Amino acid sequence: MTSVIAVCISNIKGITKTSVPDVYVKADYGIEGDAHAGEGHRQVSLLAVESTDRLRSKISDLEAGVFAENILTSGICLHELPIGTKLFIGETILEVTQIGKECHNEGCAIKQQTGECVMPREGIFASVLQGGMIRPGDGIQVEN
């Protein structure tokens, strides 16, 4: 089943995010309380747990939010979704706007420790078309 594993926020940019019980996602803005919310096309970040699992042989205790993702998913290959794909998650509708990103400086702590990071290759970003609550366990429906 395609679902949300964790939802994460941070009120400061450039640090890992913390897993929380739920998030309120605001249309054309992003997740309330998250430093990355605001105007633009990268309002919410998503990463698949399958992507993080590949690094568990090097770092066994990878927690949700360590890659600064807002939503950790399961059962969906996010980086293969085309731009413009709509994701129906909980009460929300997100639209995929970007696949991957450029690492800042020398990369995150994970890249410095293992030599690689999955977020630049496999993380995705979305804008919020319809707001609402998202919680772990919520299903994800994909519409291309």
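The values are calculated or read from the model by the stated rules, or taken from the named source; none is laboratory data. It should be emphasised that the depicted structure is a prediction, and the values quoted were computed from it without experimental measurement. Heads up, the Cβs are rebuilt from the backbone with ideal geometry, glycines too, and the neighbour counts pull from every protein chain shown. In case anyone asks, the SASA skips ligands and DNA or RNA and just uses the protein heavy atoms, side chains included. Shrake-Rupley method; radii C 1.70, N 1.55, O 1.52, S 1.80 Å.
Note on Q130 and S3: the model spin-label points, each 7 Å out from Cα along the C-beta direction, lie 2.2 nm apart.
Computed from phi, the 3J(HN,Hα) profile of segment 21-32 under the Karplus parametrisation 6.51, -1.76, 1.60 (θ = phi - 60°) reads x, 6, 9, 9, 9, 9, 4, 6, 9, x, 8, 4 Hz, with x in place of Gly and Pro.
So between K26 and V142, what do we pick up on full extension, going 0.36 nm a residue minus the alpha carbon distance?
Working: separation 116, 0.36 × 116 = 41.76 nm, distance 1.96 nm.
Result for the pair: 39.8 nm of gain on full extension.
A probe of 1.4 angstrom, applied to the heavy atoms of all protein chains, finds I9 with accessible area near 40 square angstrom.
Amide hydrogen proximity for G90: with H placed 1.01 Å from N in the peptide plane, the residues at 5 or more positions away or on another chain lying under 5 Å are G139. Between I99 and C77, full extension at 0.36 nm per residue minus the direct alpha carbon distance yields a gain of 6.8 nm.
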